[in-house]
Amino acid sequence: MIIEKLVVSPLQENCYIVGDEETHAGAVIDPGDEAARIITRVAELGLTVRHVINTHGHVDHISAAQDIKEALGAKLYLHPGDTMYLDETVEHAKMFGISGARAPSVDVWLNDGDAIAIGKLTITVIHAPGHSPGGCLLQLGSDVFCGDLIFAGSIGRTDLPGGDYETILESLEQKILTLPDDTRLHPGHGPATTVAVERQYNPFLQGLGAA
Ligand SMILES: [Zn+2]
Ligand SMILES: [Zn+2]
């Protein structure tokens, strides 16, 4: 299995390319900026990408989605809870210095529990709101792409439109702390971590049910 992280945009967002080495099918997760660089890397890896899947709809995660899906002949997947951000993509991108952003058109709406086949790999969708209403975890075996729900040592902000602190704590308790300890977490910003490490050291998780 291929998992590659490309740090893109002035906001240092983690775009991930995942791929199945057997069938050469791949997916792009959270293409926030630098479409050309992501497309080049997909080609270098020899992957055929038909899926662009977003953990959530914030500008720093989705600005390059339209360019990438058109270039690769892929479909864009997003949870409908985050539609409110889509029309603001271009305007917000300018504010954050993200160049070349385009308003994304979503092809497939994600639901909690969806299973998306990428060659012989399966990505399972886990709805985990709080940072945004439509935030989702994308689970690929023992690897979970968690967007801005949780970071190494921290959690996502809840002061943006649609964010809610009580809801994010509920998601962390029910959707992160219930995962096996050895689950690798790949966040939307910063380094990867594991459920075990966050359970023990993340100050925001202390006092939650399963911590
Ligand atoms: Zn976000
Ligand atoms: Zn972000």
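Would you call ILE98 within 29 Å of GLN200 (Cβ to Cβ), β-branched (Val, Ile, Thr) and surrounded by 14 or more Cβ atoms within 10 Å (Cβ to Cβ)? Step through it out loud before you land on a result.
Details: within 29 Å of GLN200 (Cβ to Cβ): no; β-branched (Val, Ile, Thr): yes; surrounded by 14 or more Cβ atoms within 10 Å (Cβ to Cβ): yes.
Criteria not met by ILE98.
The residue that is surrounded by the most Cβ atoms within 10 Å (Cβ to Cβ), among those in region 107-144 that are touching a residue at least 40 places away in the same chain (Cβ under 8 Å) and hydroxyl-bearing (Ser, Thr, Tyr), is SER132.
The residue of region 39-60 that is farthest from HIS186 (Cα to Cα), among those that are crowded, with 24+ Cβ neighbours inside 10 Å, under 15 Å from the mean Cα position of the chain (by Cα) and away from ligand 2 (no atom under 13 Å from the Cβ), is VAL52.
Cβ-Cβ contacts under 7 Å between residues 6 or more apart (or on different chains), taken from a first residue in region 145-165 that is over 21 Å from ILE29 (Cα atoms) and assigned to a loop (DSSP other than H, G, I, E, B) to a second residue that is within 13 Å of ligand 2 (Cβ to nearest atom) and among the acidic types (Asp, Glu), are absent.
To keep it simple, each residue is scored yes or no on (1) within 16 Å of ligand 1 (Cβ to nearest atom); (2) closer than 13 Å to GLY57 by Cα.
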| residue | (1), (2) |
| --- | --- |
| LEU86 | yes, yes |
| ALA93 | yes, yes |
| VAL106 | no, yes |
| ASP114 | no, no |
| ILE126 | no, no |
| GLN139 | no, no |
| SER142 | no, no |
| SER154 | yes, no |
| THR158 | yes, no |
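Taking the criterion of being under 16 Å from ALA93 (Cβ atoms) and surrounded by 24 or more Cβ atoms within 10 Å (Cβ to Cβ), the residues of region 61-76 that qualify are HIS61, ILE62, SER63, ALA64, ALA65.
Residues of region 10-48 that are in contact with a strand residue (DSSP E or B) (Cβ under 9 Å, 6 or more places away or on another chain) and of a type in the set (Ser, Thr, Tyr): TYR16, THR23, THR48.
Please state which one of THR40, THR23, THR48 is touching a Lys or Arg at 6+ places or on another chain (Cβ under 9 Å) and away from ligand 1 (no atom under 16 Å from the Cβ).
THR23
Scanning region 5-24 for residues that are more than 17 Å from PHE151 (Cβ to Cβ) and in contact with a Leu (Cβ under 7 Å, 6 or more places away or on another chain) returns ILE17, VAL18, GLY19, ASP20, HIS24. The residue list ASP164, ASP181 contains one member that is within 25 Å of MET84 (Cβ to Cβ), touching a Ser or Thr at 6+ places or on another chain (Cβ under 8 Å) and among the charged types (D, E, K, R), which is ASP164. Scanning region 1-10 for residues that are touching a residue at least 40 places away in the same chain (Cβ under 8 Å) and surrounded by fewer than 19 Cβ atoms within 10 Å (Cβ to Cβ) returns MET1, ILE2, ILE3, GLU4, LYS5, PRO10. Just so you know, in region 166-211 the residues that are outside any helix (DSSP H, G or I) and of a type in the set (Ser, Thr, Tyr) include one that is nearest to GLY134 (Cα to Cα), and it is THR178.
We did not get these values from a lab; they are worked out from the coordinates using the rules stated. As the structure is a prediction and not an experimental result, all values here were calculated from the model. Note that each Cβ is placed from the backbone with ideal geometry, even for glycine, and that neighbours are counted across all protein chains shown.
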